Amino acid sequence: MTDQLQSLDSAQFTAFKSGDENALADVYRSQYDTLLAHARAALGPELAHFSGRVAQHAVLDVWARRVDYDNAAGLTLAIQDAVVSEVAQQRRRHAALHTRQGGGAHAPHVSPLTADQAVQKLLADLHPEPVDHAKAVGEARASRKHHAAQHVKEVGTSRGWKGPAALIVVLGVVIVFGMRLMNEGGVEIAVTKALAADDARTLSSQRGQRGTVSLSDGSTAKIGSDSRLRLPIGFGGTMRTLELTGTAAFTVAADQPLPFTVRAGNAIVTATGTRFTVRAFEEDSAVVVNVDEGSVSVRAKDVRGETGVVAGKAVRIARDGSVTELDDATRGLTFAWVHDTLSFVDTPVRIVLPELLRWFDLNASLADAALGERKVSLKIGMQSSGDALKMLATAANLSIGFDKDEKVVLSDMGVPPAKKKP
């Protein structure tokens, strides 16, 4: 989907987190059309009429957990995740109903609410009318009398053996299937299937976006730019493994019965209570893991044996499965983003520029590929894309210009830029 949720400003985020319902209304109103589009696309034509319900439930879920979010980017990621989770729940409910009824009804056409109408409904559902307890008690008593009468009527009816026998057979099949699933290659196969399932959740960040999210097992993940986490539906319960593409820093909740495991590229990282960071972008030649507190074990997929990594150390897991330790300088440069900086020492521009494009969502290129061999040393704060670009240009003796499409072009300082931006 090309549409993205709008970024919240700091004032909106602060008001939302503090419980200001006006901020809730403003956020829902501004994001409503995009949430609706995301929900429709995920639900498909058959269930598209539930998109309004999905959008509302997602926002109310995030509202209920608003104190868990550390910044606006994390809140935006949480709303996105909540939509995915609500879609999965709606699909399960529909599948169950479809099975019980032996077929599906034709999807009704429902005109979506306007943004203002949706906000009114959300606030109304947030403050439902108080329950008339006397009336509720009376209705409950009447219901119990009705069911008791039905039970007395049916007690004398002979019951065949087929129902209980069928139930025993079904339970037996479920148990056997569950044991077979866990024994068919072990737990890893079950986890692989769960990660690939339609109901697995994806938390993702766009280029130039970072955020911290709370996971259902009590752990947190600081997701780097242009990265995504995939979590099976049973995460935090029957399994505690997630999949990473990109980079993320994890603070793992301790005292859990299951180990916390990250699958990234060809690497598997397992930890208990600890803080560590993993980088595994698809174009990287290796997965790198850095440990700040505690320890982790790493291994390559389909390779026997694990390597322990303690606090203050980092390793590189190559595509051939070999594991080597990173020197302190490389470790510091690779994971500087966790501390809101990017660092490069004697690094070619052809490596630095793609990193700036990812972390600042820049649209820039070199006028001549040969300029990419110039080496620079930089320490860049991650607050301003303009400052980052200027620092690179100064360090590499480049000038900043723009082509006819307003794309940034970096040229040799001796060659005037194609166009100067006013």
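Cβ separations smaller than 6 Å between residues 6+ apart or across chains give the following pairs from the range 374-395 residues that are part of a helix (DSSP H, G or I) to residues that are open to solvent by 10 Å² or more (accessible area, probe 1.4 Å) and hydrophobic (A, V, I, L, M, F, W, C): SER385/PHE360; SER385/LEU362; ALA388/PHE360; MET391/LEU378; ALA393/ILE400; ALA395/LEU378. Collect the residues in the range 323-348 that are of a type in the set (Ser, Thr, Tyr), open to solvent by less than 50 Å² (accessible area, probe 1.4 Å) and not in a strand (DSSP E or B), keeping them in residue-number order. Residue satisfying the conditions is THR334 alone. The numbered conditions (1) surrounded by fewer than 24 Cβ atoms within 10 Å (Cβ to Cβ); (2) among the hydroxyl-bearing types (Ser, Thr, Tyr); (3) modelled with pLDDT of 95 or more; (4) in contact with a Lys or Arg (Cβ under 6 Å, 6 or more places away or on another chain) are all true for THR212 except (3). The set of residues from the range 31-65 being farther than 19 Å from ALA118 by Cβ and either open to solvent by 50 Å² or more (accessible area, probe 1.4 Å) or acidic (Asp, Glu) (or both) comprises PRO45, GLU46, ARG65. Considering each residue of the range 235-242 in turn, at least one proves to be buried (at least 17 other Cβ atoms within 10 Å of the Cβ) and under 30 Å from LEU357 (Cβ atoms). Residues in the range 184-213 that are assigned to a strand (DSSP E or B) and within 18 Å of GLU86 (Cα to Cα): ARG201, THR202, LEU203, SER204, VAL213.
The values are calculated or read from the model by the stated rules, or taken from the named source; none is laboratory data. Computed from a prediction, not measured in an experiment: that's the story for all the values here. As a convention, Cβ positions derive from the backbone with ideal geometry for all residues, glycine included, and neighbour counts pool all protein chains shown. Just so you know, the surface numbers come from the protein's heavy atoms only, side chains and all, with ligands and any DNA or RNA stripped out. Shrake-Rupley method; radii C 1.70, N 1.55, O 1.52, S 1.80 Å.
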